[in-house]
Amino acid sequence: MTLHARLAELATLGATPGGIDRGLFTAAERAARERFVAWARDDGLTVEQDRAGNVFARLGERNVPPVQCGSHLDTVRDGGAYDGAYGVIGGLEALRTIAASGERPARPLEVVAWAGEEGSRFPLGCLGSSVYAGLTAFGEVETLVGDDGETFASALHGPHGLLEGVYVRDSFPPPAAYVELHIEQGPVMEHQGARLGVVSAIAGQRRFRVVVDGVAGHAGTVPMGARADALCAASEIVLAVERAATDAGETVGTVGHLLVEPNQTNIVPGRVVFRLDLRSVDDLRIAAAEAEIRARTDEIAVKRGVGVSIEALEVRSAVPMETRMRLLVRAACVERDPHAITIVSGAGHDAMCVAHVAPTAMIFVPSIGGRSHVGDERTAPADLELGVDALAATLLAAAASGIGSEPAHGAS
Ligand code: GLV
Ligand code: MN
Ligand code: MN
């Protein structure tokens, strides 16, 4: 089946010993966008891109708001083959089967490969969809600096940025509706024996950059009592994050990115820069955890004689899925899987942004062992196919419904 062959081919792009590495506007990520364009054109779709690097593949008329689906082709470092790629390639497969069936959808259908969902190169998640939905100004994104020191603007116009031979459109009207197909990335569906999941809401998330400034010094000569060790202070803050998230309940807090300077065996660490990721479907719990972390950090800074600054990089509220779209997803899922469940998404998705400009819903398929953001991410092939089938049914149902006929609200 084309779905599996295409996913397997994509998985070779950016393959590392530990998984897949496709940061936005790297050679591997560009190769993935190029494959997407080639496959979409093979399938008879019209392809365009926007100035943020999002790529749109359409079945049907250009000037009517489409029913849209999609996800992302970038990955986290050492990521898996399905997070994002499944929603994009599954979207192509859904449109291919709809076109082959001879069915004429009541609206154009579109698959979008959103640029830079993971925030794994530039410090903003859902980058392309956030610009598309008007949540982040393009000018702001242009100045973002990647982990390798290159700005977004430079990478966009560099050899791995915008695609040649693909029309760059400067404005896309919002879609009539949006539905994103994705792997669950957790263990809930597998535990409950569900093959399809109807997402009820996507957790809110806040990301911060924390800088701890201590005093570097000789590891052999500075007495323990005379140190302002930035890593010791950062370690206490990391543990305070764990405690605050636990105490807030139904909240997760993670410090997964940490840089120590000068990172030498025989030097007391002078500076630590780390990123904090806080999430919950209840925004009040995130706020409570953040307040607790800030208070504890102030105490730790005084106690250890270090300076600490906390800068918010990204703040996204929890997003409920739109009722009518969710009902269409539910009907498609329950018809195909009597054990389909309703489920909250702890992971972030481009749907969080598109939901600001269009009625939005999501479909999940199970992740074997709940594994994701790791190289051994897996979903049973039959479940991947069932998800695509549910997506195709939802796209057709949404196109046939009156959803999106209301006056539009503005995407860029
Ligand atoms: C993206 O996958 C995220 O949830 O961080
Ligand atoms: Mn994803
Ligand atoms: Mn991800």
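The values are calculated or read from the model by the stated rules, or taken from the named source; none is laboratory data. On a predicted model such as this, the values are computed, not experimentally measured, just so you know. Please note: Cβ atoms are built from the backbone with ideal geometry, for glycine as well, and neighbour counts cover all protein chains shown. We work out accessible area using only protein heavy atoms, side chains counted, and drop any ligands, DNA or RNA first. Shrake-Rupley method; radii C 1.70, N 1.55, O 1.52, S 1.80 Å.
Details
- Paramagnetic label zone (point 7 Å from Cα along Cα-to-C-beta, T221; backbone N under 20 Å) in the range 255-297: 262-271
- The chain: relative contact order as a whole-number percent, Cα under 8 Å and 6+ apart: 24
- Rough spin-label spacing in nm, given labels placed 7 Å along Cα→Cβ, for R62 and A291: 5.3
- Acute angle (nearest 10 degrees) that the helix 323-336 long axis makes with the longest principal axis of the chain, alpha-carbon atoms: 70
- Model label points for R336 and F138, set 7 angstrom from Cα along the Cα-to-Cβ axis, are 3.5 nm apart.
- On the beta carbon distance between R51 and A400, with R0 = 35 Å, the FRET formula returns roughly 0.60.
- Summing Lys and Arg as +1 and Asp and Glu as -1 over all other residues whose Cβ lies under 14 Å from the Cβ of E142 gives a net charge of -2.
- Accessible surface, per residue, of the range 224-275 when the full set of protein chains is kept, probe 1.4 Å, Å²: 54
- Global geometry of the range 93-179, whether rounded, prolate or oblate, following the gyration tensor of its Cα atoms and the 1.5 cut on a/c: prolate
- Around R279: net Lys/Arg minus Asp/Glu count, Cβ-Cβ under 12 Å: -2
- Maximal additional length on extending the D282-D247 stretch stands at 11.2 nm, based on 0.36 nm per residue less the C-alpha distance.
- DSSP bridge orientation in the chain - percent antiparallel, rounded to nearest 5: 70
- Only Cα pairs under 8 Å and 6+ residues apart enter the sum, and on that basis the relative contact order of the range 157-266 stands at 16 percent.
- Helix 2-12 vs. the chain, principal-axis angle (Cα, 0 to 90°, nearest 10): 30
- Per residue, the range 114-191 exposes 36 Å² of solvent-accessible protein surface, assessed with a 1.4 angstrom probe and all protein chains in place.
- Per atom type, the chain shows carbon and sulfur on 53% of its accessible surface, probed at 1.4 Å.
- The range 285-395 - accessible surface per residue (Å², probe 1.4 Å): 41
- Using a cutoff of 8 angstrom between alpha carbon atoms and counting only pairs six or more residues apart, the relative contact order for the range 1-100 works out to 34 percent.
- Tensor-based shape of the range 291-412 (alpha-carbon gyration tensor, a/c under 1.5 rounded, otherwise prolate or oblate): oblate
- Span from the the range 378-403 Cα centroid across to the the range 223-302 one, whole angstrom: 41
- Net charge in the neighbourhood of E61 (other residues with Cβ under 14 Å of its Cβ; Lys, Arg +1, Asp, Glu -1) is +2.
- Extension gain from T2 to V315, taking 0.36 nm per residue of separation minus the Cα-Cα distance: 108.9 nm
- A simple spin-label model places the labels of E150 and I267 2.8 nm from each other, with each point 7 Å out along Cα-to-Cβ.
- Global form of the range 59-116, assessed from the alpha-carbon gyration tensor, a/c cut-off 1.5: oblate
- Helix content alone sets the calculated 222 nm mean residue ellipticity of the chain: runs of n ≥ 4 DSSP H residues at -39500 (n - 2.57) each, divided across all residues, give -11000 deg cm²/dmol.
- Contour minus Cα-Cα distance for E34 and Q192 (0.36 nm per residue): 53.1 nm
- Degrees between helix 283-304 axis and first principal axis of the chain (Cα, 0 to 90, nearest 10): 20
- R209/I368 FRET efficiency (R0 41 Å; Cβ-Cβ; nearest 0.05): 0.75
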